[in-house]
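Q: Take a look at this one; I'll ask things after.
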Amino acid sequence: MSTSTLRRTGWFAWLLTSLLGVTWPAVAQDRQRPCGTDYAQRRLLGPRYEARWQQYRAQLAARSTARTAGITGRAAIPGPRLIIPVVIHIIHDGGASTLADEQIFDAIRILNEDFQRRNADAALTIPTFRERVGDVNVEFRLARHDPQGNCTNGITRTYSPLTNSADDNVKDLIGWDGTRYLNVWVVRNISFGAAGYAYLPCWIGPEADGIVILNGYIGSIGLGSPRNSRALTHEVGHYLGLPHTWGGTNAPGTSANCFDDDGIADTPNTVGSAPGICNLRQRACPGDPDSLSNVQNYMDYSYCSTMFTAGQADAMYDGLALNSFGDCHATLTSAANLQLTGVADGLNLPACMPVTAIAPAPGASESFVARGCAGDSVRFAGAAYNLPVGASVTWQWRFPGGQPATSTRRNPAVVYAAPGTYDVALTVSTPGAPAGTLTNSGFARIVSRAAGLPTPLVETFDDPQFPLAAGNPLAAWEIAATPSTSATWAYTSAGSWQGPGAVRLPLNVSPAGTHHVLTSPSIVLATELVRPVFTFRQAYAPVNASDQDRLEVAISLDCGRTWNTRQRRVGVTLARGNAAVGSAPWVPTAAEWHEERVGLGATLPAGTAFRVRFTVISAGGNALYLDDARVESQPVLGLLAPAEALSPLLRIVPNPSATTDGSATVQLMLPDNTPGMLQLYDATGRRLGRRLALPAGTTETALRTLAGPLAAGLYLVELTTANGARRVERALVY
């Protein structure tokens with residue numbers, strides 16, 4: 001793109017026509033995310049970024065001017081087809097985030113169509129740029145040999161909570177030689193909010209070279225979508241040397257971009273499109289010989305892209321064939337590397353041994369164990385990876401102690417008559433390959449509905465053998481950490497609420513992203529309870545005000561097969577007023593403990609068995625303490641008679657409260673499957689602020705969130721539920 005002197009008259013005309021341009025309302029419901037390449041590179045280089053970018057742009061411009069006469073481009077391909085070996089690393093946390101191989105195969109198909117000018121939507125390119133479309137003539141093939149020479153289909157899967165806050169950290173989990181493979185890391189969420197990012201060639205070493213992209217922005221099927229499927233094309237463009245069409249920033253749509261460019265002669269000077277905005281009449285910058293911006297370019301953010309220009313195709317091809325950006329990708333397309341990675345033409349490679357996976361059926365709340373009640377049906381799900389495209393699969397299950405004991409279904413159901421822990425084995429076969437077998441020891445965990453700790457229950461956590469219970473296996477708790485770590489739930493004799501002990505989770509030394517799970521033994525109601533409540537004492541102090549440690553409390557009424565989350569606390573709401581204490585180990589005082597209440601439902605009959613699960617996702621905060629767990633009946637708040645058992649519970653604590661500290665909290669308990677709405681009124685009945693939607697179960701919110709800071713006075717807090725129940729409480733602020 002050529003940078004021109006901007007005239008005031010031309011600038012005004014460009015601005016006016018751009019603002020009045022027609023926009024495609026492309027799938028307005030979904031907010032498309034931006035690319036993170038410029039952010040990642042600025043973070044990498046710091047103050048050196050600007051000089052490095054100007055040098056890189058000048059290099060691009062010099063080559064582009066030499067190869068492209070004018071801006072008409074050319075339809076011919078730049079040279080012999082180049083092949084790039086690709087490996088896709090799926091970083092997942094179980095369930096749908098493992099992705100099906102078919103989604104990856106679909107993503108590679110789309111890449112090859114886009115980089116070989118075979119995409120079906122090329123016909124939608126507007127006439128202004130139709131003759132400028134370039135064929136990069138690059139083919140992407142999933143690797144068939146890993147770095148050790150083992151058979152692969154080019155897709156790996158790695159379990160890690162880092163998938164939920166990913167950036168270059170996932171590259172430490174797994175990565176193949178970046179001089180021989182294009183590495184693509186697929187994640188659930190990128191820490192800085194991008195859809196994906198890559199580094200321009202030779203801006204980073206081979207161990208981190210490659211692409212990080214969201215699992216909803218790769219391929220058009222599965223978790224992907226046709227709308228987002230070109231994000232990978234965009235990121236590969238960066239990987240092969242292309243900047244954004246507007247230049248070296250991540251700020252499309254700003255007028256300053258007209259003073260920058262991408263160094264490619266046949267892409268118009270442009271401000272760029274905001275993510276998901278497809279304005280096909282967007283004007284080019286004033287002074288540019290083009291009247292329109294190339295909004296449909298893959299390196300724009302419009303999400304209606306259909307093309308690379310010939311100049312862009314030349315730049316990417318030269319980067320591979322001539323090492324014009326440096327030698328970091330020099331070996332990727334060499335004949336020797338194609339043989340080494342198993343993607344060369346003419347190779348007759350056998351199918352790989354399937355990689356087998358066993359999981360509970362979809363809908364279960366855990367990925368690595370199947371739970372259920374004795375005598376009930378427990379469902380399992382089989383998965384097989386490392387398969388060729390379209391391969392047929394045979395499933396052979398073995399369930400020692402179960403009925404049936406074997407199955408050839410992919411997702412069978414099994415009944416275990418007796419409580420216990422059972423192994424599960426699965427063998428997967430596909431034609432032309434050795435069978436793959438996996439045995440998961442103790443995968444099925446079956447308990448009796450009748451066996452458990454009877455109410456009334458008081459768990460003091462005073463036994464130093466925790467999570468075991470001296471002389472009573474029914475009272476044992478379960479602890480787990482994913483990924484595994486020794487810094488997990490344990491007995492402590494320091495800082496308890498009362499008595500000699502408590503349970504402590506040392507989040508200050510736990511790796512960020514670790515899921516810590518503490519599960520109660522089965523608890524059996526000895527009598528019918530009206531609106532039973534599980535109560536416990538909790539103590540936590542944040543390291544600082546931005547802490548994001550998360551606690552979720554869930555209840556299971558089916559022996560742990562499924563869980564219903566009843567309470568969530570994050571960061572400062574988990575602290576409940578305790579001040580930040582820094583990173584030093586923290587031991588609570590008596591004043592720093594508080595009580596939490598979790599509703600179990602409306603009325604539960606005698607004999608009902610349930611379990612409670614605490615899940616903490618660590619984020620580098622301080623230690624969390626638990627103590628004094630109990631099961632109570634109706635008088636949770638002391639407000640309702642038994643006949644009102646299905647109505648909501650509402651209280652305000654403290655009440656009265658001071659205007660200076662804004663500490664008043666609205667605590668609520670809504671019946672199962674019954675959401676509600678919260679509204680604040682002044683003493684005259686005038687509505688204040690907006691109505692606040694509430695989920696079913698136990699929750700709380702600060703009074704000030706309903707209408708902002710409150711002046712001294714009397715207020716009314718109204719709670720209404722979907723089934724027509726209504727509750728009003730007075731709140732006094734002084």
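No lab work stands behind these numbers, since they all come straight from the coordinates. Note that the coordinates shown come from a computational prediction; the quantities given were computed from them, not determined experimentally. Here Cβ is always computed from backbone atoms with ideal geometry, including for glycine, and neighbour counts include all displayed protein chains.
Q: Within the stretch 377-391, name every residue whose backbone N is under 17 Å away from a label modeled 7 Å from Cα of residue 221 along the Cβ vector.
A: 384-391
Q: Here is a further query. Place a point 7 Å from Cα of residue 490 in the direction of its Cβ. Which residues in the stretch 455-474 have their backbone N less than 13 Å from it?
A: The answer is 465-467.
Q: Another question, if that's okay. Working from Cα positions, state the angle (0 to 90°, nearest 10) between the long axis of helix 49-67 and the longest principal axis of the chain.
A: Value to nearest ten degrees: 40.
Q: Hey, with R₀ at 30 Å, roughly what FRET efficiency would residue 450 and residue 393 work out to, going by the Cβ-Cβ distance, to 0.05? Please report the intermediate quantities before stating the final value.
A: Working: r = 40 Å, r/R0 = 1.34.
The calculated FRET efficiency here is 0.15.
Q: What ³J(HN,Hα) values, in whole Hz, does the Karplus curve 6.51 cos²θ - 1.76 cosθ + 1.60 give for the stretch 613-626 when θ = phi - 60°, with x put for Gly and Pro?
A: 10, 9, 10, 10, 9, 6, 9, x, x, 9, 5, 10, 10, 10
Q: Under the 0.36 nm per residue contour assumption, what length would be gained going from the current alpha-carbon distance of residue 172 and residue 437 to full extension?
A: 92.6 nm
Q: Helix 8-19: angle to the longest alpha-carbon principal axis of the chain, degrees 0 to 90, nearest 10?
A: Rounded to the nearest ten degrees, it is 50.
Q: In addition: Taking 0.36 nm per intervening residue step and subtracting the Cα-Cα distance, what contour gain separates residue 546 from residue 376 on full extension?
A: On the way: separation 170, 0.36 × 170 = 61.20 nm, distance 4.47 nm.
Fully extending the segment from residue 546 to residue 376 adds 56.7 nm.
Q: Run the simple label-point estimate for residue 344 and residue 48 please: 7 Å along Cα→C-beta, distance reported in nm.
A: Spacing of the two 7 Å Cα→Cβ label points: 3.8 nm.
Q: Summing +1 for each Lys or Arg and -1 for each Asp or Glu, what net charge is found among the other residues whose Cβ lies under 12 Å from the Cβ of residue 140?
A: Net charge in that neighbourhood comes out at 0.
Q: Now a separate question. Taking neighbour counts of Cβ atoms within 10 Å as a proxy for exposure, in what order, fewest first, do 424, 186, 378 appear?
A: Ranked by crowding around the Cβ, least crowded first: 424, 378, 186.
Q: Scan (1) 31.0; (2) 34.3; (3) 29.4 for the value of Kirkwood radius over Cα pairs in Å calculated from this model and give just the label.
A: (3)
Q: Next question, about the same structure. Tell me which residues come under 5 Å, amide H to amide H, from residue 166 once H is placed; ignore anything under 5 positions away on its chain.
A: 189, 190, 191
Q: Please list, in order along the stretch 255-267, the HN-Hα scalar couplings obtained from phi with the Karplus expression 6.51 cos²θ - 1.76 cosθ + 1.60 (θ = phi - 60°), rounded to whole Hz, x for Gly and Pro.
A: 4, 4, 5, 5, 9, 10, 6, 9, x, 9, 5, 9, 9
Q: Once both axes come from the Cα atoms, what is the angle between helix 310-321 and the longest principal axis of the chain, in degrees from 0 to 90, rounded to 10?
A: Helix 310-321 sits at roughly 80 degrees to that axis.
Q: By residue number, which cysteines of the chain lack any other Cys whose Cβ falls under 4.7 Å from their Cβ?
A: Flagged as lacking a Cys partner: 35.
Q: Here's a follow-up. Taking the Cβ-Cβ separation of residue 718 and residue 479 as r and a Förster radius of 45 Å, what is the calculated FRET efficiency to the nearest 0.05? Don't skip to the answer; put the middle values down first.
A: Values: r = 42 Å, r/R0 = 0.93.
Approximately 0.60, to the nearest 0.05.
Q: For residue 453, which sequence-distant residues (separation of 5 or more, or a different chain) have an amide H within less than 5 Å of its own amide H, given hydrogens modelled in the peptide plane?
A: Hits under the 5 Å cutoff: 522, 523, 524.
Q: Amide H of residue 696 versus every other amide H placed in the peptide plane: which residues, excluding those fewer than 5 positions away on the same chain, fall under 5 Å?
A: Amide H neighbours of residue 696: 674.
Q: Calculate for the chain the 222 nm mean residue ellipticity that helices alone would give, adding -39,500 (n - 2.57) per DSSP H run of length 4 or more and normalising by residue count, nearest 500 deg cm²/dmol.
A: Taken over the chain, the calculation gives -3500 deg cm²/dmol.
Q: Report the gain in length on full extension from residue 331 to residue 594: 0.36 nm times residue separation, minus Cα-Cα distance, nm rounded to one decimal. Could the numbers behind the result be given before it?
A: Working: separation 263, 0.36 × 263 = 94.68 nm, distance 6.15 nm.
So the extension gain works out to 88.5 nm.
Q: Residue by residue through the stretch 348-354, what is 3J(HN,Hα) from phi via Karplus (6.51 cos²θ - 1.76 cosθ + 1.60, θ = phi - 60°)? Round to whole Hz and write x for glycine and proline.
A: Karplus values, whole Hz, x for Gly and Pro: 10, 9, x, 5, 7, 5, x.
Q: Then there is this: Between residue 418 and residue 526, what's the calculated FRET efficiency when r is the beta-carbon distance and R0 is 30 Å? Round to 0.05.
A: 0.80
Q: Rounded if a/c is under 1.5, else prolate if a/b is larger than b/c, else oblate: which is the stretch 362-496, with a ≥ b ≥ c the root eigenvalues of its Cα gyration tensor?
A: Prolate.
Q: Between the stretch 85-151 and the stretch 209-231, how far is it from one alpha carbon centroid to the other, in angstrom?
A: 10 Å
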